[in-house]
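Visitor: Next up is a structure, given as structure tokens.
The values are calculated or read from the model by the stated rules, or taken from the named source; none is laboratory data. Worth saying up front: this structure is predicted, and the values here are computed from it rather than measured. Because the Cβ atoms are built from the backbone with ideal geometry, glycine has one as well, and the counts that use them run over all protein chains shown. For the accessible areas, the whole protein counts, side chains as well, though only heavy atoms, and no ligand, DNA or RNA atoms are used. Shrake-Rupley method; radii C 1.70, N 1.55, O 1.52, S 1.80 Å.
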Amino acid sequence: MLSRSAQGLYWMSRYLERAAHLCRLLELQVEALVDRPASMIHFGWRRIYASQDRRPPFEDDAGLDESDDFTLADAYTLAGDLTFERSNPESIRNCLAAGRENARQMRHCISAEMWTCLNLAWLRVRDLDIEDIWKVSPESFYARTRRDIDTFVGVAEATMYRGEGWRFMQIGRFIERAQRVTTVLLAQLATGKRMPDTDPNAGLETGPETGWVALLRTWQAFDAYRQRYSVEVRPDQALDLLVADPLLPGSLARSLETLVRELAAIGPSPNAGAGAAVERLAGRLCALIRYEWPDHPDRPALLAEARAHCLHLHDLVSAAYIDYDPGEAPVR
Amino acid sequence: MNFDAYDLDAAFHDEMFLPDGMPRAHCRALFDALRRISNDDLTGMQERVTRSFSTEGITFTVYGDDEADERIIPIDCVPRIVSSADWRRIESGLSQRIDALNRFLEDVYGEARIVSDGVIPADLVRGCPQYRIEMRGVHVPHGTWIAVCGTDLVRTHDGFQVLEDNLRVPSGVSYMIANRKVVKRNLRRVYRSCRVREVEHYGSVLRETLCDLAPGGRADPCIVLLTPGVYNSAFYEHMFLAQELGAALVEGRDLLVRDGFVHMRTTEGLRRVDVIYRRIDDDFLDPLVFRPDSLLGVPGLLNAFKLGNVALANAPGTGVADDKSVYACVPDMIRYYLGEEPILANVETHLCRRPEGLEYTLDNLERLVVKRVGGSGGYGMLVGPHATPAERAAYAEQIRADPADFISQPVLALSRAPCLVQGRAEPRHVDLRPFVLRGRETRIVPGAFCRVALRRGSLVVNSSQGGGGKDLWVLED
């Protein structure tokens, strides 16, 4: 297929995955506003911002007032910043807009059902603002938007031809997911460490304040955790589940396996060097999680390495299939 | 729909009603059906029709300072009907016309006999900014310079007349199909009983036409649609047609020329392209030949075309035949090349480049429509009767400064058709743009993009100027 079309589908998926992910984080966070202690709410915001690699829209961290009075006012500003802020390229609205814009440009490459589904989701969000969703129940907005994206993914699954376009969509989706999982887990481990009442080993600290339950729920893994382990959440086990469990749909291991499979299914790259590099790196990434994770002494370092590989993989895929030098490329 | 207060005006031909207020025979079934629908139901239908355009994203985009604004071309849900007899006349007139226009292009870029025989003055052709000197001596498959033509027709009391030929990158055909799809869904029963001819196969007819042009008659050629990109207001149409054609939708940056052949970048490597249905203007096609600052084009494209390694539809240089001054000569072309009388009349046109035309125009400004020869989209024109004396005086200055840039035509009494306006039936002026395809032979899908001037009394149907669309039904014999 046309390289630019492949690229458009790849980014469409990435942006939608990103939007869905942020929806899940925010859905849980605004739920927490109702009954969680202020310290946990602040922990939640820090984790989200750390995972977005973004600073809250205050002068400095002091803006995040830890008293109860300010928690809700802060939450309104922060949720607005992450959800609708036009100048925030990663806000839910902007991710959805970017995903939908890629779909609009590539709608001849996707099914009509996919386009309609996504366009309706976008039209619903387009004119909203934080004020509109805050009045009643913001979590229902996040839940609805996430469901719209889930529906889109399901409609794609049911209607899209499994050609190259499909593969590039899958690659985009799972590269994004792998990056999000590693980033949020790293943010969780790091934010946990910064909490004043935990020791340096924290991050893997137990207790209701450390947010592991919320994190499991972010990937719809809480029920799975209870089935697999127990009702009491232990951070090391939660981490194992999210990273290495091949049976959990949202786990890193499973995302990477899908990624390797889809990459292998694409035909040979017009840039043979980059094509081979893609294959090697994807294999190494999979092996890292499958074989090294179980007894690795420094798990944050391993996650950071996986994350770096994911970023690099994006560049390699681009070089192999999209931005290759046409002067060297074969004529098919 | 209540027609009791419908304002019939003898000054204009009404598409649905005879002067005595009775529906025309071929409109009877539609009239009866419409009368049985309550105004509320019709308004609901109008809303559904409009909403479906926005749901399906059938939009054109206006880019402002802030965010892209996606708009829809308003569609009026009351169809306009063209009888089979009228359509036969239109069809034969359009075939004749595209035939003559193609011969004209083959001639003016070749021996220019029409000029040496004194039928058309040399300066009219060579002085036209759309005349592409680079195309001299070029031959195209089947003599087809114009593969896709969108001709604007109007109807007055004198019958159908050609208002202009759009021979460069005519647009609007996607609306012919989109309007049909949605209107047919909402008027199921009457649609069936009227026996309306189908238009939705346009894409496959276009594909056949483009295949005819493939270099060396190559079977199953690789066809692409070249778009200026998503910022173009017709982008929806480009995407839609690419899909209908089963063609890749490419931008200039997706193509490159190697060894005289055009290729596109795919995930598997380069793929040779045989036919380019281009929706970008000549100026931007090839920065090596035309505008060097063009980022939309493909360096070396024109050379590949001249070598016969790729087909371009339409060929570069067709603009010389739809220039508004040259337009005035089309009836002469038909007589000259085909030895026939034109089936469809031209609108009386005065060329300001000629002293008598200039004088006539300046003396009668308040009764004329004056247009720039290279203008389009309804921009930069003067509608004499609707302008203030000061506006006319200012415009006259512009004409005097560069007479060759202007033509004038009488204000036409465009026919009117009933539209649903605020829940009531009201007449509005309409025109139609049928699309004529020409490969080895001429093919015309029986339908048109019918444009309607939605503002009361307005004669300007352009979508950029408050115009909308209507579904147009051509009936079976």
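Visitor: Answer yes or no as to whether residue B:456 is at pLDDT 95 or above, more than 17 Å from the chain's Cα centre (by Cα), over 25 Å from residue B:91 (Cβ atoms) and of a type outside the set (A, V, I, L, M, F, W, C).
Guide: For residue B:456, the condition - at pLDDT 95 or above, more than 17 Å from the chain's Cα centre (by Cα), over 25 Å from residue B:91 (Cβ atoms) and of a type outside the set (A, V, I, L, M, F, W, C) - is not met.
Visitor: Same structure, new question: Evaluate region A:155-169: report whether one residue or more is of a type in the set (S, T, N, Q), more than 14 Å from chain B (Cβ to nearest Cβ) and crowded, with 22+ Cβ neighbours inside 10 Å. First the steps, then the outcome.
Guide: Step one: filter region A:155-169 for residues of a type in the set (S, T, N, Q), giving A:159.
Next cut, more than 14 Å from chain B (Cβ to nearest Cβ) only: A:159.
Cutting the leftovers down to crowded, with 22+ Cβ neighbours inside 10 Å gives us none.
No, the conditions are met nowhere in region A:155-169.
Visitor: Report every pair of residues separated by at least 6 positions or lying on different chains whose Cβ atoms are under 7 Å apart, first residue within region A:1-17 and farther than 9 Å from residue A:172 by Cα and away from chain B (no Cβ under 13 Å), second among the polar types (S, T, N, Q) and assigned to a helix (DSSP H, G or I).
Guide: none
Visitor: State all residues of region B:235-268 that are out of contact with any Gly (no Cβ under 6 Å at 6 or more places or on another chain), acidic (Asp, Glu) and more than 7 Å from chain A (Cβ to nearest Cβ); if no residue qualifies, say none.
Guide: B:237, B:259
Visitor: Checking the structure you have, find out if any residue of region B:320-330 is out of contact with any helix residue (DSSP H, G or I) (no Cβ under 8 Å at 6 or more places or on another chain) and at pLDDT 95 or above.
Guide: There is no residue in region B:320-330 that is out of contact with any helix residue (DSSP H, G or I) (no Cβ under 8 Å at 6 or more places or on another chain) and at pLDDT 95 or above.
Visitor: State which residue is farthest from residue B:401 (Cα to Cα) when the search covers only region B:329-345 and only residues that are open to solvent by less than 30 Å² (accessible area, probe 1.4 Å) and not in a helix (DSSP H, G or I).
Guide: My answer is B:344.
This table checks each residue for (1) touching a residue at least 24 places away in the same chain (Cβ under 8 Å); (2) farther than 18 Å from residue B:327 by Cβ.
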| residue | (1), (2) |
| --- | --- |
| B:98 | yes, no |
| B:101 | yes, no |
| B:113 | no, yes |
| B:120 | yes, no |
| B:130 | yes, no |
| B:141 | yes, yes |
| B:158 | yes, no |
| B:176 | yes, yes |
| B:188 | no, yes |
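Visitor: Based on this model, can you work out whether residue A:330 counts as in contact with a Pro (Cβ under 7 Å, 6 or more places away or on another chain), under 30 Å from residue B:250 (Cα atoms), surrounded by fewer than 13 Cβ atoms within 10 Å (Cβ to Cβ) and within 14 Å of another protein chain (Cβ to nearest Cβ)?
Guide: Yes.
Visitor: Just checking, how many residues over region B:100-123 are in contact with an Asp or Glu (Cβ under 7 Å, 6 or more places away or on another chain) and open to solvent by 40 Å² or more (accessible area, probe 1.4 Å)?
Guide: 2
Visitor: Which of the helices (runs of 4 or more DSSP H) contained wholly in region A:122-195 include at least 3 residues that are under 18 Å from the mean Cα position of the chain (by Cα)?
Guide: Per the criteria, A:138-159, A:164-194.
Visitor: Regarding residue B:70, is this residue in a helix (DSSP H, G or I) and open to solvent by 10 Å² or more (accessible area, probe 1.4 Å)?
Guide: When the stated conditions are applied, residue B:70 does not pass them.
Visitor: Within region B:114-127, count every residue that is farther than 19 Å from residue B:319 by Cα and either among the acidic types (Asp, Glu) or in a helix (DSSP H, G or I) (or both).
Guide: 2
Visitor: Can you pull out the residues in region B:219-278 that are open to solvent by 30 Å² or more (accessible area, probe 1.4 Å) and among the acidic types (Asp, Glu)?
Guide: Those that are open to solvent by 30 Å² or more (accessible area, probe 1.4 Å) and among the acidic types (Asp, Glu): B:220, B:244, B:259, B:268.
Visitor: Going by the structure shown, is residue A:110 within 21 Å of residue A:259 (Cα to Cα) and under 21 Å from the mean Cα position of the chain (by Cα)?
Guide: The answer is no for residue A:110.
Visitor: Return yes when residue A:296 is away from chain B (no Cβ under 14 Å) and part of a loop (DSSP other than H, G, I, E, B) and no when it is not.
Guide: For residue A:296, the condition - away from chain B (no Cβ under 14 Å) and part of a loop (DSSP other than H, G, I, E, B) - is met.
Visitor: Right, next: Taking the condition of being under 26 Å from the mean Cα position of the chain (by Cα), more than 13 Å from chain A (Cβ to nearest Cβ) and of a type outside the set (A, V, I, L, M), how many residues in region B:27-63 meet it?
Guide: 3
Visitor: Where in region B:400-466 are the strands (runs of 3 or more DSSP E), entirely inside, with at least 3 residues that are open to solvent by less than 30 Å² (accessible area, probe 1.4 Å)?
Guide: Values: elements: B:406-410, B:416-421, B:424-433, B:435-438, B:442-444, B:449-453.
Passing ranges, in order: B:406-410, B:416-421, B:424-433, B:435-438, B:449-453.
Visitor: Please find, among B:97, B:80, B:89, the residue that is modelled with pLDDT of 95 or more, under 23 Å from the mean Cα position of the chain (by Cα) and open to solvent by 60 Å² or more (accessible area, probe 1.4 Å).
Guide: It is B:89.
Visitor: Within region B:164-172, identify whether any single residue is within 21 Å of residue B:87 (Cβ to Cβ), part of a strand (DSSP E or B) and open to solvent by 10 Å² or more (accessible area, probe 1.4 Å), and answer yes or no.
Guide: Yes, region B:164-172 contains at least one residue that is within 21 Å of residue B:87 (Cβ to Cβ), part of a strand (DSSP E or B) and open to solvent by 10 Å² or more (accessible area, probe 1.4 Å).
Visitor: Okay, moving on. Take the residues in region A:30-63 that are open to solvent by 10 Å² or more (accessible area, probe 1.4 Å) and aliphatic (A, V, I, L, M); name whichever of them is modelled with the lowest pLDDT.
Guide: Only one residue tops the list, namely A:62.
Visitor: Hey, could you check region A:85-99 for residues that are within 13 Å of chain B (Cβ to nearest Cβ) and open to solvent by 10 Å² or more (accessible area, probe 1.4 Å) and say which is nearest to residue A:1 (Cα to Cα)?
Guide: A:98
Visitor: Check region B:269-283 and report whether any residue there is within 9 Å of chain A (Cβ to nearest Cβ) and assigned to a loop (DSSP other than H, G, I, E, B).
Guide: no
Visitor: For region A:100-109, which residues satisfy the criterion of being aliphatic (A, V, I, L, M) and open to solvent by 40 Å² or more (accessible area, probe 1.4 Å)?
Guide: none
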